[in-house]
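What follows is calculated from the coordinates using simple rules that are stated; it is not laboratory data. Just so you know, these numbers come straight off a predicted model, no measurement behind them. Reconstructed Cβ throughout: ideal geometry from the backbone, glycine too, with neighbour counts over all protein chains shown.
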Amino acid sequence: MRFETAVVHAGGEADPVTGGVAPAIHPSTTFVHGPAGEPLHGRIYIRDGNPTEARLEAALAALDGGASALAFASGSAAATALLLALPTGATVVFHHDLYHGIRELGREWLPRWGGRARFVDFASADGRAEAAAAGAALWWVETPSNPRLEIVDLAELAGAAHAAGARLAVDGTFATPALQQPLALGADVVLHSTTKYLGGHSDVLGGALVFAAGAAELAAGAARVRHTLGAVASPFASWLVLRGLRSLSCRMERHCANALAVAHALSGHPALAAVLYPGLPGHPGHAVAARQMRGFGGIVSLRVAGGRGASVAVADRLRLFTLATSLGGVESLCEHRASVEGPGASAPDDLLRLSIGLEHADDLVADLVAALAG
Ligand SMILES: *Cc1c(COP(=O)(O)O)cnc(C)c1O
C-alpha cells in the first residue's frame, strides 16, 4: 500500500462499539479489573497508556515500518525515555547540529545519570571514526538537522553504528515518515516530536518513539521509563495527533513545494549570506537527501548578511510570517533561532529559521523579499 493511502487509514478502524468512523477519546484513568487485579480489558491505569493512545501507536508503527511504537507527552519526554532506557554509564554520540533541548539533555542531564555525551559531525568520515572509537551504546542523528539543515546518509551511518556495536536513533521530526523512512535504511529507533508536522496545526504537544523489530529491548526499557514518569500522551492529545496524521501526506507535499519555491527565490539574494535548504542543488547534502527523502521538507534557514542585528531587523519587518518558535503547522513561522535557544545557543547569530506553511508560495516570497529589502 502506498504511504498516501496508509496515512489516511492507519489506526483508523471504525469504533467497535458504536461504529463511529472517527476514533473515540477515552478519558478514563482507570479500567475495571478482576478481584486479584487481573487486567480484564488489557489495561489497568492510564499511566501505562490509554485506548486512544494505543490507536495512535498502531498508526505510527505502521507509518514508519516499525515493530512497535510508544507515544509520549512530548518529543522531549520521548528523548528522555530513550536515554534513560540505556545501560547505566552509556556513552551517546550526537550529531553536532541538533535540537537545542536534546543537546541540553546530553550535555547536562546524561552525566547526572552516569552517562556521557559526545558531539561529532556524522556527515564526515572523521566524525564517524571518532564516534566508532567512543564505545557508545547509541548514536543519535537528526537529518535534516536543526537549525542548519545538514544531511547525513542514514544507510551509511546505520552500517557504521552497527559495526561499532552501537544502536542508531534518528530524530525524524523535520522529515516525518511521509518523506523519510529511517528504519528501512537501518536505524533502530525513530523519534518524532508529534507537536510539529504530525499534529500539524500548532495545537498539540506530543512525541513518539518507533522501534525496529531488533530493538525490542530498548522498546521495553523506554516503556518502563514512560510508565514510571507518567510521560504518556493524553487521550485528547493522542486524538489530535491522529486527526493531524490524516492529512500529513497532502500537507507535506505543499510544505515541500513552498519551501523549495522560497529557497529558489531567495538563493543568491544580496542581503543573505546563505540559504540553507537541502533541495537546493548547491547544498552539500543535496544528492544524499534526494536519494533518501521523497521531498526536502518544509524548513528553510536563512543566514542574513550583517549578523545578528540585520537578522533580527529582517524578522521584525515580516508581516505574513508569524514570529514564533516551533514548526510544522499550517501557518508560516519565523524565529531568530539563537535568541529562542537562549544562553549557550549553538545556532549561528545571523540565522533565521523559517517553518514554511501552506499559504501560497508567491505571498511568502513577497513577504520575505520585502523584509529583506529593508
Ligand atoms: C520540537 C523538537 C523536539 C522536541 O519536541 P517537543 O515536542 O517540543 O518536546 C525534538 N526534536 C526536534 C527536531 C524538534 O523540532
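Between Rg and the Kirkwood Rh of the chain, both from Cα atoms, what is the Rg to Rh ratio?
Details: Rg = 20.7 Å, Rh = 21.2 Å.
In the chain, Rg relative to Rh is 0.98.
Using 0.36 nm per residue and subtracting the Cα-Cα separation, the extra length available between Ser124 and Thr88 on full extension is 10.1 nm.
Report the FRET efficiency, 1/(1 + (r/R0)^6), for Thr228 and Glu13, where r is their Cβ-Cβ distance and R0 is 25 Å, rounded to 0.05. All intermediate terms of the calculation are to be shown ahead of the outcome.
Working: r = 31 Å, r/R0 = 1.22.
With a Förster radius of 25 Å, E is 0.25.
Projecting the Cα atoms of Ser202, His192, Gly165 onto the dipole axis of region 164-286, where Lys and Arg carry +1 and Asp and Glu carry -1 at the beta carbon, places Ser202 farthest toward the positive end. Neighbour counts of other Cβ atoms within 10 Å put Cys250, Cys256, Cys334 in the fewest-to-most order Cys250, Cys256, Cys334. The string of couplings for region 21-27 from the Karplus curve (6.51, -1.76, 1.60, θ = phi - 60°) is 7, 7, x, 7, 9, 9, x Hz, one whole number per residue in order, with x for Gly and Pro. As a proxy for reagent exposure, Thr80, Thr29 were ordered by neighbouring Cβ count within 10 angstrom, fewest first; the result is Thr29, Thr80.
Using a ≥ b ≥ c from the Cα gyration tensor of region 1-108 (square roots of the eigenvalues), is it rounded, prolate or oblate, where a/c under 1.5 gives rounded and otherwise the larger of a/b and b/c decides, a/b for prolate?
Numbers: a/c = 2.71, a/b = 1.43, b/c = 1.89.
Since a/c reaches 1.5 but b/c is at least a/b, the shape of region 1-108 is classed as oblate.
The modelled label-to-label distance between Ala36 and Val369, using points 7 Å beyond Cα along the C-beta direction, is 7.6 nm.
If the elastic network links every pair of Cα atoms under 10 Å, which of Ala290, Ala175, Ala69 fluctuates the most in the Gaussian network model of the chain? The residue that fluctuates most here is Ala290. Backbone geometry of region 128-144 corresponds, through the Karplus equation with coefficients 6.51, -1.76 and 1.60 at θ = phi - 60°, to 3J(HN,Hα) couplings of 5, 5, 5, 5, 4, 7, 7, x, 7, 7, 9, 10, 9, 9, 10, 8, x Hz, x marking Gly and Pro. Across region 51-169, the relative contact order, built from alpha-carbon pairs under 8 Å that are at least six residues apart, equals 22 percent. Can you give the angle from 0 to 90° between the axis of helix 361-373 and the longest principal axis of the chain, with both taken from C-alpha atoms, to the nearest 10? Taking Cα atoms only, the helix is inclined about 50 degrees.
Can you tell me, using C-alpha contacts under 8 Å and at least 6 residues apart, the relative contact order of the chain as a whole percent? Display every interim value, and only then the final one.
Values: 810 pairs, mean separation 62.4, N = 374.
RCO, the chain: 17 percent.
Could you work out the local net charge near Leu318, counting Lys and Arg as +1, Asp and Glu as -1, over the other residues with Cβ closer than 15 Å to its Cβ? Mind showing how you got there, number by number?
Details: positive: Arg317, Arg319, Arg337, Arg353; negative: Asp316, Glu331, Glu335, Glu359, Asp363, Asp367.
Once all neighbours under 15 Å are counted, the net charge is -2.
Between 0 and 90 degrees, the angle of helix 154-163 with respect to the longest Cα principal axis of the chain falls at about 60 degrees. Take every DSSP beta bridge with both residues inside the chain and express the antiparallel ones as a percent of the total, to the nearest 5. Around 55 percent of the beta bridges assigned by DSSP in the chain are antiparallel ones.
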